[in-house]
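Engineer: I have a structure I would like to understand better, so I am pasting it below and will then ask my questions one at a time.
The values are calculated or read from the model by the stated rules, or taken from the named source; none is laboratory data. Since the model is a prediction, treat every value here as computed from it, not as a measurement. Glycine also receives a Cβ, built like all others from the backbone with ideal geometry; neighbour counts cover every protein chain displayed. The accessibility values were calculated without ligands, DNA or RNA, using every heavy atom of the protein model including side chains. Shrake-Rupley method; radii C 1.70, N 1.55, O 1.52, S 1.80 Å.
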Amino acid sequence: MMPWDATSGPAPAQVPPTVVERKLAERGVAPPPGYAEFAVANGGKRFASGQNYIRDKERGEPTGLSTVFHYDEAQPRYSAADIWEQNEGELDPKLVPIATTNYSGLVCLDYRGSADPKVVSYDFEAAEGREITLLGDSFEDFLTRIGPK
């Protein structure tokens, strides 16, 4: 479990995994194995500095990971529901944001090709327009590949 960064304000309340599952079901998808538990344990927290990178699977470029979204509706900062609402017009409904990158991008579960999502980075500020980069073939693959730059 990651530490809470007190500069981000009060920590969100931990919700049971069933809340995460229900919120994803409202979007028409099911969480991949391990995601609900990960979101409950780490929601609202920052990835550890120096150990917060993942290399994309296409070019091997490092992507810095920032904050995991949480599911406590009483705390809007880094709330999954708030982020989903803010980006509703931008994102395909089958891209489900779960975290931020260091450069204001989003880490998303990508259900566009399968009920078993891949993990991708959605970059709003790419020079050539919106860019989607593969970070993991599954949520488990994504987690195992996070580490130093």
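Engineer: Among the residues of the range 39-46, is any within 18 Å of residue 95 (Cα to Cα) and touching a helix residue (DSSP H, G or I) at 6+ places or on another chain (Cβ under 8 Å)?
Structural biologist: Yes, some residue in the range 39-46 is within 18 Å of residue 95 (Cα to Cα) and touching a helix residue (DSSP H, G or I) at 6+ places or on another chain (Cβ under 8 Å).
Engineer: Kindly indicate the residue of the range 1-22 that is within 15 Å of residue 76 (Cα to Cα) and crowded, with 17+ Cβ neighbours inside 10 Å and also modelled with the lowest pLDDT among those meeting that condition.
Structural biologist: If we take residues in the range 1-22 being within 15 Å of residue 76 (Cα to Cα) and crowded, with 17+ Cβ neighbours inside 10 Å, then 12 is modelled with the lowest pLDDT.
Matching residues to (1) within 26 Å of residue 18 (Cα to Cα); (2) touching a strand residue (DSSP E or B) at 6+ places or on another chain (Cβ under 8 Å):
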site	(1), (2)
52	no, yes
65	yes, yes
73	yes, yes
84	yes, yes
89	no, no
95	yes, yes
100	yes, yes
106	yes, yes
118	yes, yes
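Engineer: Still on this model: Hey, among the residues in the range 91-124 that are touching a residue at least 60 places away in the same chain (Cβ under 8 Å) and among the hydroxyl-bearing types (Ser, Thr, Tyr), which one's nearest to residue 49 (Cα to Cα)?
Structural biologist: So the residue we want is 121.
Engineer: Given the criterion modelled with pLDDT under 85 and either open to solvent by less than 60 Å² (accessible area, probe 1.4 Å) or at positive phi (or both), identify the matching residue among 81, 41, 36, 74.
Structural biologist: One residue alone meets the criteria, 81.
Engineer: Working carefully through the options 104, 138, find the one that is open to solvent by 20 Å² or more (accessible area, probe 1.4 Å), at positive phi and not acidic (Asp, Glu).
Structural biologist: 104
Engineer: Restrict the check to the range 88-101 and report whether at least one residue is open to solvent by 10 Å² or more (accessible area, probe 1.4 Å), within 13 Å of the chain's Cα centre (by Cα) and not acidic (Asp, Glu).
Structural biologist: Yes; the residues of the range 88-101 include at least one that is open to solvent by 10 Å² or more (accessible area, probe 1.4 Å), within 13 Å of the chain's Cα centre (by Cα) and not acidic (Asp, Glu).
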